[in-house]
Amino acid sequence: MTDPATTPGTATHQKIDTSVPHSARIWNYWLGGKDNYPVDEEAGDAYTEVFPGIVTIARSSRAFLRRTITHLVEEAGIRQFLDVGTGLPTAENTHQVAQGLAPEARIVYVDNDPMVLAHARALLYSSKEGATAYIDADVTEPDVILESAARTLDLSRPTALILSNILGHVADYEQARSIVDRLVGALPSGSYLMVNDGSLGIDPVFEEAQEGYNRSGAVPYNLRTVEQIASFFDGLELVEPGVVPVTQWRPDPGSPVPGVVAEHGGLARKP
């Protein structure tokens, strides 16, 4: 194992605010992680009291990430990954899945939360054949992301852009579309886009819980219709089965038939 490559940023100089719940730490709590504070547990418990299914969504989202990365490595031959909105390290992180299959894979993680970056730099070690780097940047800064990622990735070669449960933090839909277009536009033919986000119009109880969460003081997360999620792939070639509930995207053989899951995602290739 090698030390993780790091990209200088401001994260080490930022104070972690433990008085306000944070989405990455709450998500970590739902996934069974330990990197959270009482305020995050309280917010997470308040959410699950209204909608216990959020734990299923969180874990199904992580399983979807694993399956899409496995497809990208094994079937599409991708060896470069740009993961924007990393979240706190748990199990089966992008580099662990990718480098477990192809040790030479190179991964750049992007997040703007100091706790996320501190944990990533401490825990997410690259294989000696590949590389793992971490960028302190916001999803709304696509040019900063691309400039920094180019220090580790060769963006003239096919790259997988991972946007897992991050676009919902961009309140304006057109701005979210613009961010995706800018990032995908900078990648060459043969690159891939993976998106998954909470979906609107599927589960009213989920929507009620999310509205309460958004009023709690935590960073809001905006659910979008399936049509809006699908539109992020406009101009790209969707991989079968297209944009579907994450539990229905190439499920593992023998996995149980899931109930309603208001989390949709897909994978598409840039022609």
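The values are calculated or read from the model by the stated rules, or taken from the named source; none is laboratory data. The structure presented is a predicted model; accordingly, all values stated were derived computationally and were not measured. Because the Cβ atoms are built from the backbone with ideal geometry, glycine has one as well, and the counts that use them run over all protein chains shown. Quick note on the areas: whole protein, heavy atoms, side chains included, nothing else; ligands and nucleic acids left out. Shrake-Rupley method; radii C 1.70, N 1.55, O 1.52, S 1.80 Å.
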TODO: Using a/c under 1.5 as the rounded threshold, could you call region 191-260 rounded, prolate or oblate? The axes a ≥ b ≥ c are square roots of the C-alpha gyration tensor eigenvalues, and prolate needs a/b larger than b/c, oblate otherwise.
DONE: oblate
- [ ] Using only alpha carbon pairs under 8 Å that are at least six residues apart, calculate the relative contact order of the chain and give it in whole percent.
- [x] 20 percent
TODO: With only Lys, Arg, Asp and Glu charged, each at its Cβ (+1 for the first two, -1 for the last two), find how big the charge dipole of the chain is about the Cα centre; round to the nearest 20 debye.
DONE: 740 debye
TODO: Report the full-extension gain for the segment residue 252 to residue 225: residue separation times 0.36 nm, less the Cα-Cα distance, to one decimal in nm.
DONE: 7.1 nm
TODO: Take the eigenvalues of the Cα gyration tensor for region 42-92, scale each by 5, and report the square roots as semi-axes in whole Å, largest first.
DONE: 29, 12, 7
Open item on the list: When the expected Rg is taken as 2.2 N^0.38 Å, what fraction or multiple of it is the alpha-carbon Rg of the chain?
Closed with: 0.94
TODO: Report in % the part of the accessible area of the chain that belongs to carbon and sulfur, leaving out ligands and nucleic acids; probe 1.4 Å.
DONE: 52 percent
Task: residue 34 paired with residue 104, simple spin-label distance in nm, labels 7 Å along Cα-to-beta-carbon - done: 3.7 nm
Open item on the list: Cα atoms only: what Rg and Dmax, in Å, come out for region 138-271?
Closed with: 15.8, 44
Task: Nitroxide proxy distance, nm - points 7 Å out along Cα→Cβ at residue 260 and residue 50 - done: 1.6 nm
Open item on the list: Please give the Cα centre distance for region 169-183 versus region 13-71, rounded to the nearest Å.
Closed with: 23 Å
- [ ] For a quick protection proxy, order the peptides 74-82, 104-112 by their average other-Cβ count within 10 Å, most packed first.
- [x] 104-112, 74-82
Open item on the list: Taking a ≥ b ≥ c as the square roots of the Cα gyration tensor eigenvalues, with a/c under 1.5 meaning rounded and otherwise prolate when a/b beats b/c, else oblate, which class fits region 57-180?
Closed with: rounded
TODO: Please name which of 90, 155, 43 has its Cα lying farthest along the dipole of the chain towards the positive end, using unit charges on Cβ (Lys, Arg +1; Asp, Glu -1) and the Cα centre as origin.
DONE: 155
TODO: For region 147-201, just the Cα set please: Rg and Dmax, both in angstrom.
DONE: 12.4, 41
Task: Burial order of peptide ranges 158-168, 53-63 (average beta-carbon count within 10 Å, highest first) - done: 158-168, 53-63
- [ ] Determine the shape class of region 103-142: with a ≥ b ≥ c the square roots of the Cα gyration tensor eigenvalues, call it rounded for a/c under 1.5, and otherwise prolate if a/b is greater than b/c, oblate otherwise.
- [x] oblate
Task: Amide H contacts under 5 Å for residue 159, placed H, 5+ residues apart - done: 191, 192
- [ ] Check every DSSP H run in the chain and write down those whose alpha carbon atoms cover 20 angstrom or more along the long axis and whose mean Kyte-Doolittle hydropathy is -0.5 or greater.
- [x] 54-74
Task: region 160-226 - charge dipole about Cα centre, Lys and Arg +1 at Cβ, Asp and Glu -1, debye rounded to 20 - done: 240 debye
- [ ] Calculate the dipole size of region 83-189 relative to its Cα centre from +1 charges on Lys and Arg beta carbons and -1 charges on Asp and Glu beta carbons; express the result in debye to the nearest 20.
- [x] 340 debye
